[in-house]
Amino acid sequence: MRQSLAVKIPFFCFVMVLQVFCLPLKAEEGGQTPLPQKGALSQRIVSLSPVLTEELFLLGVGDSVVGRTRYCTKPAETDKIEVVGNLTEINVEKIVSLRPDLVLVIPLTDPRAKQKLRSLGIRVEEFPEAADFRGICDSFLRLAGMVHKEKAAADLIEKAKREVSRIRQETGSRQPPAVFIEVGADPLVTMVKGSYFHDLIEFSGGVNIAAEAVHQLYSREKVLAKDPDIIIIVSMGFDGEEEKRIWQGYPGLKAVRQGKIILVDSDLFCAPTPVSFVHALQGVEKILHAEN
Amino acid sequence: MLQAKGLTCGYGSKVVLEDVDFSVEPGAFLGILGPNGSGKTTLLKALTRLLEPKRGEVLFGGKNIWDISLREFAREFAAVSQSVSAVPVTVEEYVALGRTPHYRDFQFLEGRKDFEIVAEAMRVTGVEVLADRLMTQLSGGERQLAAIARALAQEPRWLVLDEPTAHLDIAHQIRILDLLKRLNHEKKITIVIVHHDLNLVSEYCDRILLISEGKIFKGGSPEEVLTYANIEAVYKTVVIVNKNPISSKPFVLLVPAERNKK
Amino acid sequence: MQKIKKRSLKWIFWLLVLAAAVLGAAAFALSVGSAGIPFGKVFRILFEGQKGIERSIIWDIRMPRLLLGFAIGGALSLAGVILQGMFRNPLVEPYTLGISGGAAVGVSLNILFGLHRIGVLTMPFSGFLGACLVILLLYGLNMKRRVLSLQGLLLTGVMINFIASSLIMLILALSRRESLQGIIFWIMGSLDEPNAFLTRLALGASVLFLVATYFFHSDLNALALGEEEALHLGVPVERTKRLLFLITSLLIGVSVAVSGMIGFVGLVVPHFMKKMVGCDHRILLAASFLAGGAFLVFCDTLARTVIAPMELPVGVITGILGGSLFVFVLMRDNGEGR
């Protein structure tokens, strides 16, 4: 009697699996928006990156942005745009209901959501975080291509490059101060070569003491050993004042003796568009060469 | 007939029961006696297919019990263990579980017959009034009765019980043993029972197996087994054995050690 | 006989109630969302061949999520019921055995080494592989002389969970920022599965295993009395334990691999169902499956609407809702003195 199990179970399995796979999980034809051709002009854009949102406005196509993240707050016009999520978590349903023809995502965006959007036939373009100035320019040009604003982009980049080389020339003749830049406390996090933070310091005539470090994690010991002239604290989610006090507990440091522990607003650094890069560069230049 | 032949059992490398030979005739009321740790419970486990023997075999009707399917075996043998687990099901549901070995494959609901048997088992054991109570709400004695009812629902021809009246007061002890006697007489169910109380065993059992250190010390009628010499040898305790004036079965009186010295 | 009829009616009543709960949760899930489609329209869209974006939202976004929620919720509570019955321990839940830990390590390694770039299916696959490895390990360690030690299973399971969480910490420490994000996302668990195949797979597997567990309904009832008594009742205890262990492990493996860790469903739902429909596995299995499905669909819908357009991890809702309901019921029962 028990042997009949061996026959019945596989049969059952077969029937059940068959039924489940016959379920209609997809809307039949017509439910999806057709995939736009590459190079087609995008009219309805959902941007899931504050940087890209800002850049779209720089390019003069801000009015085609129909969805943004909570953190896309620059420029001020963005507050009229619908919020579809934060940096990591986004609401697919909301995005779909906005009927976008282009969704701009970053590596941080929830991979499942990206995949879901793609499977619904929506064009999804991922922009890796731009590492340095060159990366910022490249990504800006790529974005401009998607909205047919190559000319405007080239002009803006040209302007930015001119300003960058002006500042480089101006500061090149001076004595370069050694700089330690702190972007995270507990553990101490800095920025190494290949980041735009690093570029900001080098372009404005400073030396990043962590340029050659392998990892962004840095030890307090090494900072003491390298004894920088200036310590810049970019407070992103930690108490900068508290960090400043901790550094002041090491009176042996040159930066402490000269009172060169400088707190800066993260906004100065954290919007890497070609325009804001130049803006930040001007700010860093002032910090580095304040009294010299 | 249930027969043990050269039965040797144990756990791991430890041998608890060594080379045991005996047989039980159908219709018997067998009591197994012995001090703590002498191997009584191990013997029951070996008899009810819980413990596979290291050597030797247990034959039922001439067939090794390990060659009989579990379900078939459960239809012949029912067992009641020392402590009945308190599960949050009603007494009726609990007793109905005794029908498990009788279900056909893929049988989902009990049939009319199953239901009648369950009702009868509860009636016989007197737990029908508790039918809708939860097992967890019963007293120890009631729970033991329910366990016997569950065993009866298996419609066994053999009933094996491991100290069914441990921790019970004398009223409950007598009630349960009377019930077993009645089942033995009226339903011709063979009873095998492990018990600690020498006098109760003497009163109720028609055959006794006295076990000592994993071996059978003596088997036979109460008069043959329960002699002061046997008991003193096995339990290392001084006793006086007398005759119950009513049933004329032997009964055992304990002698405290202090008085013993005098 | 009267009593059997009464009991059958009670069972049918509960099945109807739970089926209604499932339908209710499904209606809720289909009609609520940030796209703001009116309630009446949802059903028109559902049953009529209307085309367009709203149909796509309902059929491509809400429906798969609803089905996956039902499948995972059902699978987890089913696994919970079986494990609690088998171990005779009301605190055992699907994640106790360390299978989820194995799956989590599998997925984390996948993300760390960037294997998921090869194809999206490698994620659930590596999760399932991790789960299977733990299952084999558990089985190998606790199978002694043809006896599966449940006590040992529980202990090694808990230990494997500890080891797994330490390994995940290690992987998190070693990984880059984007990977970190991916691992945490996965561990938090989500029912937003883009792959229709996986949704079908999860649904198929859970329904299939529900049917399979019904082969063991009387064995499970007998096992509630303990292994010895079950043997006395003619239940082939070892075979049953092995098969049930296999079934539940696969259930857990599949659900964790597809949707990450969604806690509490497998612990709370079986408890509630035991209180409501009783301990008879003939009704308990199906009831828990349906209730678990409805519960998770409901929680998931809440998770995606409470702070819309943002989403909460569904585990947050199941934990808060399930946990507080559970404590409430326990307190009430204690108050009545049982």
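Counting only alpha carbon atoms, the long axis of helix B:112-125 and the longest principal axis of chain B meet at about 30°. Looking at the calculated P(r) for chain C, what percent of the C-alpha pair distances fall above 29 Å? So the pairs more than 29 Å apart make up 41 percent of the total in chain C. Taking only the Cα atoms of region C:183-336, the ratio Rg/Rh comes out at 1.01, with Rh defined as the Kirkwood radius. Taken about its Cα centre, the protein assembly as shown carries a charge dipole of roughly 1620 debye when the Cβ of each Lys and Arg holds +1 and the Cβ of each Asp and Glu holds -1. For region A:125-155 versus region A:194-250, the inter-centroid distance based on Cα atoms is 29 Å. Screening chain C for whole DSSP H helices of 18 Å or more along their axis (Cα) with average Kyte-Doolittle hydropathy at least -1.0 returns C:2-31, C:63-87, C:99-112, C:122-142, C:150-174, C:196-213, C:237-259, C:281-305, C:323-336. Summarising the overall dimensions of region C:88-210 from its C-alpha atoms, the Rg and Dmax are 15.7, 48 angstrom. Taking Cβ atoms as reference points and 10 Å as the exclusive limit, the residues near A:CYS72 contribute a net charge of +1, counting Lys and Arg as +1 and Asp and Glu as -1. From the Cα gyration tensor of region B:84-132, with a ≥ b ≥ c the square roots of its eigenvalues, which class applies: rounded if a/c is under 1.5, or else prolate if a/b is larger than b/c, or else oblate? It comes out oblate by the Cα gyration axes.
Oblate is the label for region C:1-108, because a/c, from the alpha-carbon gyration tensor with a ≥ b ≥ c as root eigenvalues, is 1.5 or above and a/b does not exceed b/c.
What area, in nm² and to one decimal, does the C-alpha convex hull of chain B cast on average over all directions? Taking the Cα atoms of chain B, their convex hull projects to 15.8 nm² on average. Each distinct pair of alpha carbons in the protein assembly as shown adds a 1/r term; the inverse of their mean, the Kirkwood radius, is 33.0 Å. When both region C:82-118 and region C:167-216 are represented by their alpha-carbon centers, they are found 9 Å apart. Tally Lys and Arg at +1 and Asp and Glu at -1 over the other residues with C-beta under 9 Å from the C-beta of B:VAL194: what net charge comes out? Once all neighbours under 9 Å are counted, the net charge is -1.
Residues B:ILE231, C:ILE320, C:ILE252, C:ILE187, arranged from fewest to most other Cβ atoms within 10 angstrom of their Cβ, appear as C:ILE320, C:ILE187, B:ILE231, C:ILE252. How big is D, in µm² s⁻¹, for region B:1-77 by Stokes-Einstein at 4 °C and 1.567 mPa s if Rh is the Kirkwood radius over C-alpha pairs? Rounded to a whole number, D works out at 101 µm²/s. Residue exposure proxy: B:ARG71, C:ARG55, C:ARG304, C:ARG332, ordered by other Cβ atoms within 10 angstrom of their Cβ from fewest to most, comes out as C:ARG332, B:ARG71, C:ARG55, C:ARG304.
What you get for region C:2-332, charging only the Cβ of Lys and Arg (+1) and of Asp and Glu (-1), is a dipole of about 620 debye around the Cα centre.
I'd like the distance between the alpha-carbon centres of region C:284-306 and region B:207-262, rounded to an integer number of Å. Region C:284-306 and region B:207-262 have Cα centres spaced 66 Å from each other. FRET efficiency for the pair C:LEU9 and B:GLU120, taken as 1/(1 + (r/R0)^6) with r the Cβ-Cβ distance and R0 = 25 Å, rounds to 0.55.
Counting only DSSP beta bridges with both residues in the protein assembly as shown, the antiparallel share comes to about 45 percent.
Each Cα pair of region B:156-216 feeds into the Kirkwood radius, which the Stokes-Einstein equation turns, at 4 °C and 1.567 mPa s, into a diffusion coefficient of 105 µm²/s.
Read the figures in this text as sums done on the coordinates, not as results from a lab. Just so it is clear, the model here is predicted, and its values are computed rather than measured. Quick reminder, even Gly has a Cβ in these numbers, built from the backbone with ideal geometry, and neighbours come from all protein chains shown.
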